[in-house]
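The values are calculated or read from the model by the stated rules, or taken from the named source; none is laboratory data. Predicted model only: the values in this text are computed from it and were never measured. Cβ: placed from backbone, ideal geometry, glycine included. Neighbour counts: every protein chain shown. Keep in mind that these areas ignore ligands, DNA and RNA; they rest on the heavy atoms of the full protein, side chains included. Shrake-Rupley method; radii C 1.70, N 1.55, O 1.52, S 1.80 Å.
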Amino acid sequence: MTEATPELAPSDALVASAHQTAGPYWHLVDFPEWADTTRHFADRLPEGAERITLAGTVKDGKGALVTDALVEIWHADPSGRYPDQNGDPTAFQGYGRCATDKQGRFRFVTLKPGPVPVGPHAGGNAMQAPHVALAIFARGLLQHLSTRLYFEGEPLNATDPVLKAVPEARRGTMIAKPAGNGTWTLDLRLQGEGETVWMAV
Amino acid sequence: MSDVVHGYRRPNPATQPPLNSPSYGSTHARYPTQPLLELPHTLTETSSPIFTPARYPEVTDLTVLENGKGQAMGERIIVGGRLTDEDGRPIRRAMVEVWQANAAGRYNHEGDTHDAPLDPNFRGMGRVFTDDEGWYRYVTIRPGAYPWRNHQNAWRPNHTHYSLFGSGFAQRMITQMYFPGDPLLPLDPIFNTVADEAARNRLVAKFDLEMTKPEWALGYRFDIVLRGREATPMEDGHHD
Ligand SMILES: [Fe+2]
């Protein structure tokens, strides 16, 4: 016996399950401490780590605040690495979850990610600019919406393969601005004027 | 982007609910009107957080609270199934989160004002982990139907919300499990946003006598499939 992943017989019946909305009552799985990815580390942050705050609002197509959204972040560590599935589960990981509040605001505390290689099939070590994957779940969203948050002023933004594919006029919807004290802000618009660039992941 | 691989297969649109679904009123001001930009799957999309019961404690029996006093009211049921990807590979040690209304159709949530009783012994949140073969299981009470204001005399069928993670963030998914034979299913705009009938029906749990525990609780099986990997690296940004 090898330790290879056991596979079921190939079957045409296996098709990815359908998404459905998180609805308005998803807060039963809201754990506010999850909005701070550094909560297990206190002062033992990884070498070179910079603690940052990511904040913004979510608005709908009428410009109304979205006060019932579940926002998730996923990003690399300060050295640009993601956790190894067989690695140390207590190592830093850039996963957070946050509910928007009555003012439609989300707020995460995390570590600024480093540049990330495109991937193992990239044919080289092409680098992506530091970025944070954002996923928005809510009532009225039958599948979650996905985008990325980039950081204004990062030199790699100019060559990032994802940003480059976005029409220049809309790139700003994905680029967070510094607001002092390590805070970066990015407002999200589900629909309409200034609509965020949403992505089919 | 010629050097980027598509890590996971793209879904057949008929098997997924469109964001713009007019019959579901809450979508009207929330669906993007600009076309979605197709994101290549980089390490960000093919990696995923690691969840362990040590950091994310399990809640496998929703019918009792931590203090062990008092039993939730309603019909006790056992729910379980297998989490795999489209290639049949088990999603191992994955965190499965569930939440639901109580037997009376009321959520333990400040926003739920339905005139039905709260149950002091029922919170309505569960968290379990799959085993090495992808199996999960929990005990709960059957959730009640509840009214909503989408249209005249609108009621949501009995359902449980599920939140799932795979081995890549591109597999992240929230969905709902429904119950067989529910007369509200043909009337439910949310369930029926999935155009493909087979895909819709895969969201319906199956009564399972094997899982049913004699003299104790009915069993329902609900398997969940996350996206499979692309068979071969794509040369180009284009695919069909
Ligand atoms: Fe619900």
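Counting each DSSP H run of 4 or more residues in chain B as -39500 (n - 2.57), what helix-only mean residue ellipticity at 222 nm follows after dividing by all residues, to the nearest 500 deg cm²/dmol? Please list the in-between numbers first.
Numbers: 2 runs with 9 residues, N = 240.
Counting only the DSSP helices, I get -500 deg cm²/dmol.
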Taking the C-alpha atoms of the stretch B:5-63, convex hull volume expressed per residue in Å³: 202 Å³
Calculated diffusion of chain A, Stokes-Einstein form, Kirkwood radius summed over Cα pairs, 10 °C and 1.306 mPa s, µm²/s: 86 µm²/s
GNM result for chain B, Cα springs below 10 Å: residue of B:Leu226, B:Leu185, B:Leu36 fluctuating most strongly: B:Leu36
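If r is the Cβ-Cβ distance from A:Asn181 to A:Lys102 and R0 is 25 Å, what FRET efficiency results, to the nearest 0.05? Mind showing how you got there, number by number?
Numbers: r = 24 Å, r/R0 = 0.94.
Rounded to the nearest 0.05, the efficiency is 0.60.
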Share of alpha-carbon pairs per 20 Å distance bin for the protein assembly as shown, given as whole %: 25, 60, 15, 0
Nearest-10 value in Å² for the accessible area of B:Phe122, using the 1.4 Å probe: 10 Å²
Pair A:Glu47, B:Ala154: separation of 7 Å Cα→Cβ label points (nm): 5.6 nm
Accessible carbon and sulfur surface of the protein assembly as shown relative to its total accessible area, %, 1.4 Å: 52 percent
Amide N proximity, the stretch B:172-188 versus B:Asn201 label position 7 Å along Cα-to-Cβ, cut-off under 19 Å: B:176-188
Percent antiparallel among DSSP beta bridges (both partners in the protein assembly as shown, rounded to 5): 75 percent
Between the stretch A:63-138 and the stretch A:165-185, the alpha-carbon center distance in angstrom: 15 Å
Listed residues A:Leu186, A:Leu70, A:Leu45, most fluctuating in chain A (Gaussian network, C-alpha, under 10 Å): A:Leu45
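Could you work out the equivalent-ellipsoid semi-axes for the stretch A:87-201, taking the square root of 5 times each eigenvalue of the Cα gyration tensor, largest first, in whole Å? Present the calculation step by step, with values, prior to reporting the outcome.
On the way: eigenvalues 104, 71, 51 Å².
Ellipsoid half-lengths, sorted descending, are 23, 19, 16 Å.
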Count, lysine Cα pairs under 20 Å in chain A, 8 or more residues apart or across chains: 5
Calculated on alpha-carbon atoms, Rg and Dmax of the stretch B:50-104 in Å: 14.4, 43
Chains A and B together, accessible area buried on both sides, 1.4 angstrom probe, square angstrom: 7300 Å²
Most fluctuating residue given options A:Leu111, A:Leu142, A:Leu14, as computed from a GNM of chain A linking Cα atoms under 10 Å: A:Leu14
Percent of Cα-Cα distances greater than 28 Å, calculated over chain B: 38 percent
For B:Asn150, distant residues with modelled amide H under 5 Å away: none
Size of charge dipole - the stretch A:26-189 - debye, nearest 20, with Cβ of Lys, Arg +1 and Asp, Glu -1, no other charges: 560 debye
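Equivalent-ellipsoid semi-axes (√(5λ), Cα gyration tensor) for the stretch B:74-200, whole Å, largest first?
Values: eigenvalues 141, 71, 32 Å².
Its equivalent ellipsoid spans semi-axes of 27, 19, 13 Å.
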Theoretical FRET efficiency, 1/(1+(r/R0)^6), r = Cβ-Cβ of A:Glu168 and B:Glu75, R0 45 Å, to 0.05: 0.20
The stretch B:40-148: mean projected area of Cα convex hull, nm²: 9.5 nm²
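If you average 1/r across every pair of different Cα atoms in the stretch A:112-177 and take the reciprocal, what Kirkwood value do you get, in Å? All intermediate terms of the calculation are to be shown ahead of the outcome.
Details: mean 1/r = 0.0767 Å⁻¹.
Final number for the Kirkwood radius of the stretch A:112-177 is 13.0 Å.
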Alpha-carbon centroid distance for the pair the stretch B:59-76 / the stretch B:130-198, whole angstrom: 21 Å
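Once R0 is set to 41 Å, what does the formula 1/(1 + (r/R0)^6) return for the Cβ-Cβ distance between B:Lys213 and A:Thr159, expressed as a FRET efficiency to the nearest 0.05? Don't jump to the answer; show the numbers that get you there.
Details: r = 59 Å, r/R0 = 1.44.
With a Förster radius of 41 Å, E is 0.10.
Can you work out the accessible area per residue across the protein assembly as shown, with the rest of the protein chains kept in place, probe 1.4 Å, in square angstrom? Each step should come with its number before you reach the end.
Working: 19260 Å² over 441 residues.
Heavy-atom SASA per residue in the protein assembly as shown reads 44 Å².
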